[in-house]
Structures are given as structure tokens and as C-alpha cells.
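Enquirer: Would you mind keeping the following structure in view while I ask a few things?
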Amino acid sequence: MLDSNTWKSAHTAGLTWDNYLSAHSDRTAGWKAHIAASVVTAEQRTLLASFTRRINVLVLTGAWCGDCAVQCPMLGAIAAACPVTDVRFLEQADHKDLADQLRINGGTRVPTVVWCSEDFQFCSMLGDRTLARYRSIAARQLGASCPLPWATVAADEIGATLQGWLEEFERVHLMLRTSPRLRQLHGD
């Protein structure tokens, strides 16, 4: 796995959600419905607001990708609801060396999300879909490997997929919160 300096450098190169959308506005126009549908519930917002450890998150994405159009707005909504997370988005095409090092099942998948501690120690990686998203796609058997950015997604799939991403954020936060190394560092 990559070292903390590499993660920090990649994270620094990344864009916040709003800046990513602005930088790629020509290719993310079809994402509007997915952005509107990516709503964190009050219960989820309460959970995210309770996080106390900083989490640095890197999202390798593609503005051209249907899965990114559906799932990156969810990650943006989670980031907005969780003050201790610093979520940055990197366009895969502009960071091919990093994408090559983050291959999943032999391929450069997007979105691929990496969670790091406050000092950029690797904690977790998930890509390119949550389990709920894979289940929905498998049930539909669309045939295409990547849905179009403007394709309609059922509300229950949106909710389950967002919950899957949120659970990984929570898992990483609890990992960091209970880490002996970080508890010693923070005196808690």
C-alpha cells in the first residue's frame, strides 16, 4: 500500500466537492438529479455530526462515469454533513499513476474511495460500488458495464447505497476513535 506522504500529496491535489463540480461542470451537468436525490437523513446527519476524529478521504472519480454520477453526490452529501471529514475528489484521467496503484480486480475502477487517518495513514479502500449498489445492478442485469449519468435510479437503491457509504465512514471513524496510537496522541 502507498505511504502516508503519497496519500497526503494525492489528497492535497484533490478538489472539494463543490470545486470538483465547478471544474468539471461541462461533464457533470447530467448529475443534477443524482445530486438532488443524495439527501442525508436527520438520523444519518446526527451520526455524522458525532464523529470526533479527523478523516481524510480521497475519491478517485470520473466525470464521465455513470456510477460516479450516482455515488459521488452521496459522498459529497456525507462530506457536507460531517465536519471532521476532509473529502477530496480526483479525476482518474488526470491521476493515472495513482489509479494504476489502486486497481480493483485488475481494473482501474471509479469511484474508488480511500480513507486515511489525520496523519494520512491508510485505513480503508472501497470501490467501485457498495454492496447495495452491486445487488441492485445484479438484479437488473442491464448488460451495460456502466449506466449513463442521467439514468434513473430507484429511491430505495439510492438510500441503501448512501447508507453503505455512510457505514464505511462510520467504520473508519470508529477505527480511528478506538486506535491505541491515536488515543495516546489525543490523550483520550
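Every number in this text was worked out from the coordinates using simple rules, so none of it is lab data. None of these values were measured; they are calculated from a predicted model. Don't worry about glycine lacking a Cβ; one is built from the backbone with ideal geometry, like all the others, and counts go over all protein chains shown.
Enquirer: For ILE104, which sequence-distant residues (separation of 5 or more, or a different chain) have an amide H within less than 5 Å of its own amide H, given hydrogens modelled in the peptide plane?
Expert: Amide H to amide H, under 5 Å and 5 or more residues apart or across chains, ILE104 pairs with ARG109.
Enquirer: Run the paramagnetic zone check for SER50: 7 angstrom along Cα to Cβ, then residues of the stretch 59-100 with backbone nitrogen under 18 Å.
Expert: 78-79, 81-85
Enquirer: A further question on this structure: Whole-Hz ³J(HN,Hα) for each residue in the stretch 126-137, computed from phi via Karplus 6.51 cos²θ - 1.76 cosθ + 1.60 with θ = phi - 60°, x for glycine and proline: what do you get?
Expert: Computed from phi, the couplings for the stretch 126-137 are 9, x, 9, 8, 6, 4, 4, 5, 4, 4, 5, 5 Hz.
Enquirer: Please give the helix 66-81 orientation as an angle from the longest Cα principal axis of the chain, in degrees from 0 to 90, rounded to the nearest 10.
Expert: 40 degrees
Enquirer: Enumerate the amide H contacts of PHE89 below 5 Å, restricted to partners 5 or more residues apart or on another chain; note that Pro and chain-start residues carry no placed amide H.
Expert: Amide H neighbours of PHE89, under 5 Å, 5+ apart: LEU15, THR16, VAL59.
Enquirer: Relative contact order of the stretch 1-98, please, whole-number percent, based on alpha carbon pairs below 8 angstrom and at least 6 residues apart. Write down the numbers at each step before the final one.
Expert: Numbers: 100 pairs, mean separation 38.5, N = 98.
That works out to 39 percent.
Enquirer: Right, something else. Which whole-number percent of Cα pairs in the stretch 4-183 have a distance greater than 29 Å?
Expert: Details: 2495 of 16110 pairs.
So the pairs more than 29 Å apart make up 15 percent of the total in the stretch 4-183.
Enquirer: So what are the ³J(HN,Hα) numbers for the stretch 33-49, from phi and the Karplus equation (6.51, -1.76, 1.60; θ = phi - 60°), rounded to whole Hz, Gly and Pro as x?
Expert: 5, 5, 5, 5, 7, 8, 10, 7, 6, 4, 5, 5, 4, 4, 4, 4, 5
Enquirer: Given an 8 Å cut-off on Cα distances and at least 6 residues of separation, report the relative contact order of the stretch 57-105 as a percent.
Expert: 49 percent
Enquirer: Using the Karplus equation 6.51 cos²θ - 1.76 cosθ + 1.60 (θ = phi - 60°), what ³J(HN,Hα) coupling, rounded to whole Hz, does each residue of the stretch 92-109 give in order, writing x for Gly and Pro?
Expert: 3, 4, 8, 9, 5, 4, 5, 4, 5, 7, 10, 4, 10, 6, x, x, 8, 9
Enquirer: Subtracting the Cα-Cα distance from 0.36 nm times the residue separation, let me have the gained length for ALA154 to THR41 in nm, one decimal. Walk me through the numbers on the way to the answer.
Expert: Numbers: separation 113, 0.36 × 113 = 40.68 nm, distance 1.68 nm.
Using 0.36 nm per residue and subtracting the Cα-Cα distance, I get 39.0 nm.
Enquirer: Sticking with this structure for a sec: Kindly state, to the nearest 0.05, the FRET efficiency for ASP3 paired with GLN163, given R0 = 35 Å and r defined as their beta-carbon distance. Spell out each step's value before the answer.
Expert: On the way: r = 32 Å, r/R0 = 0.91.
It comes out at approximately 0.65.
Enquirer: Shifting gears a bit: May I ask what percent, to the nearest 5, of DSSP beta bridges between residues of the chain are antiparallel?
Expert: On the way: 12 of 19 bridges.
DSSP beta bridges in the chain are roughly 65 percent antiparallel.
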